[in-house]
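The values are calculated or read from the model by the stated rules, or taken from the named source; none is laboratory data. Small disclaimer: the values here were computed from a predicted structure and weren't measured. As a convention, Cβ positions derive from the backbone with ideal geometry for all residues, glycine included, and neighbour counts pool all protein chains shown. These accessible areas exclude ligands, DNA and RNA; they are computed on the full protein's heavy atoms, side chains included. Shrake-Rupley method; radii C 1.70, N 1.55, O 1.52, S 1.80 Å.
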Amino acid sequence: MRKDIIPKIIGAYRCAYACYSNDSSLRQFSASGGGVTTLLISALKKKKIDGALVCRTVIEKGKVFPVFYIAKTADDFLLSMGSKYVQADFNGQAMRLIESYKGKLAVVGLPCNLMVLRKRCDSNPELKNKIKFTIALFCGHGTTRELIDTITPRLENEAGSVLTDFSFRTGHWRGVLSGRFANGKEIVKKTSYYNLYQNLYFFAEKKCLSCYDHFGYLADISAGDIWTSEYKKKDIKHTGLIIRTIAGEQIISIAKESKMLFAEEVMIDKIFSGQKRVAPTHYNVSARKIAGKILGISISETNKSRFNMVDLFIALIILANWKWSQSKRLSKLIFYTPRIILKIYLYLLKGLETVR
């Protein structure tokens, strides 16, 4: 991959950190070191904010739903820990909460969520003054309800009971997926039980195919995993932070001074290396636009970038998988395909992303 494109993929920034919460019980339920939760709790304790817009999962009639809410206490934040790999209603539900809230607010969201927020703030000075800082979560793409609504019935059949609680990913390194059931049973599986399909772009949100913002350019702080062998060997999983603004620098300084957060300043290359396969794929909308023409899928070229034949082949795989999952009749075959075949298919995609 061309070195000159890496700064464009990362976006403007001031510094970068590898960090984790000093609270081991908090880290246990986090997706990535507990860094984001610790930043929010420390800012709340220092009265920099009165609350924060975050997201948790709830179970309704055996189905998993992401729900936004305003966390106002340290205990409130614990409910939002862990990954949520399913489509959420930021434009509607989240924005209503943000606009109606009267206090000083932080907002945690995906890069596309913060684009929506920025546009609203640009036309509403009162809203802009209310938002004290934002945190973007690294994002490869979102996933529609079809995938989770296929996975959870399988778990219920295995448990012989109705789902009452669900977590997409917590724990060290790749982490685990877990479900709790009305009969008291708990099922814990590797995250690949769900992510095997998600990482192959089955049931991806259509809007994500035209998105290029992996790291959250408009945030004060961007946060996510550092998937490298160096950090895999460490006893504690780390959160990667990209600090983009003065407000972001102030928030991490508060967390460090409170002794709640261990944070080591690192070169930005370490953060990028932890996302070096998927981030360039996400950024390269131009290759997906051409692949879309071949496959009959309309892709808006929101970002122009150079690409080679490997990039085009990657884009063809992604869009072919997405198109397959959109067919009501053929999408059922995805789940009848032996998982070993899908794993080999995913290794092919990862291999191409590595050698491009």
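Annotations
- Distance between the modelled labels on Asp165 and Glu205, one decimal in nanometres: 2.7 nm (7 Å Cα→Cβ projection).
- Atom-type composition of the exposed protein surface of the chain places 54 percent of the accessible area on carbon and sulfur (1.4 angstrom probe).
- Accessible area per residue was computed with a 1.4 Å probe on protein heavy atoms; Tyr231 scores about 10 Å².
- Other-chain or far-sequence residues with amide H under 5 Å of Trp227's (modelled H): Gly274, Gln275
- Surface listing: Glu301, Glu186 arranged by accessible area from highest to lowest gives Glu186, Glu301, probe 1.4 Å.
- Solvent-accessible surface ranking, highest first, for Lys47, Lys237 at 1.4 angstrom: Lys47, Lys237
- Over the chain, DSSP H runs of length four or greater, each weighted -39,500 (n - 2.57), average out per residue to a 222 nm ellipticity of -12000 deg cm²/dmol.
- Distant-in-sequence amide contacts of Thr164, defined by a placed amide H-H separation under 5 Å and a gap of 5 or more residues or a different chain, comprise Arg180, Phe181, Ala182.
- Inter-site label distance for Ser192 and Ser25 at 7 Å from Cα along Cβ, in nm: 3.4 nm
- Scanning residues 5 or more positions from Cys15 or on other chains, those with amide H under 5 Å from its amide H are Ile243, with H placed 1.01 Å from N in the peptide plane.
- Fraction of beta bridges assigned by DSSP in segment 102-201 that are antiparallel (%, nearest 5): 65 percent
- Accessible area of the chain divided out per residue, in Å², using a probe of 1.4 angstrom: 47 Å²
- Euclidean distance of C-alpha centroids, segment 203-252 and segment 136-153, integer Å: 18 Å
- A simple rule links phi to the HN-Hα coupling: the Karplus curve 6.51 cos²θ - 1.76 cosθ + 1.60 with θ = phi - 60°, which for segment 45-61 gives 5, 8, 6, 6, 9, 9, x, 9, 7, 9, 9, 9, 9, 10, 10, 10, 6 Hz, with x for Gly and Pro.
- Accessible heavy-atom area order of Glu257, Glu230, highest first, probe of 1.4 Å: Glu257, Glu230
- Mean sequence separation of contacting Cα pairs (under 8 Å, at least six apart), scaled by the length of segment 183-341, corresponds to a relative contact order of 26 percent.
- Contact order relative to length of segment 1-115, as percent, for alpha carbon pairs under 8 angstrom and 6 or more apart: 25 percent
- Karplus 3J(HN,Hα) series, Hz, for segment 130-142 with 6.51 cos²θ - 1.76 cosθ + 1.60 (x for Gly, Pro): 6, 7, 8, 6, 10, 10, 9, 9, 3, 9, x, 4, x
- Shown in residue order for segment 343-354 are the 3J(HN,Hα) couplings computed by the Karplus curve 6.51 cos²θ - 1.76 cosθ + 1.60 at θ = phi - 60°: 5, 4, 4, 5, 4, 4, 4, 5, x, 5, 5, 6 Hz (x for Gly and Pro).
- Computed over the chain: relative contact order in percent, which uses C-alpha pairs under 8 Å that are six or more apart: 22 percent
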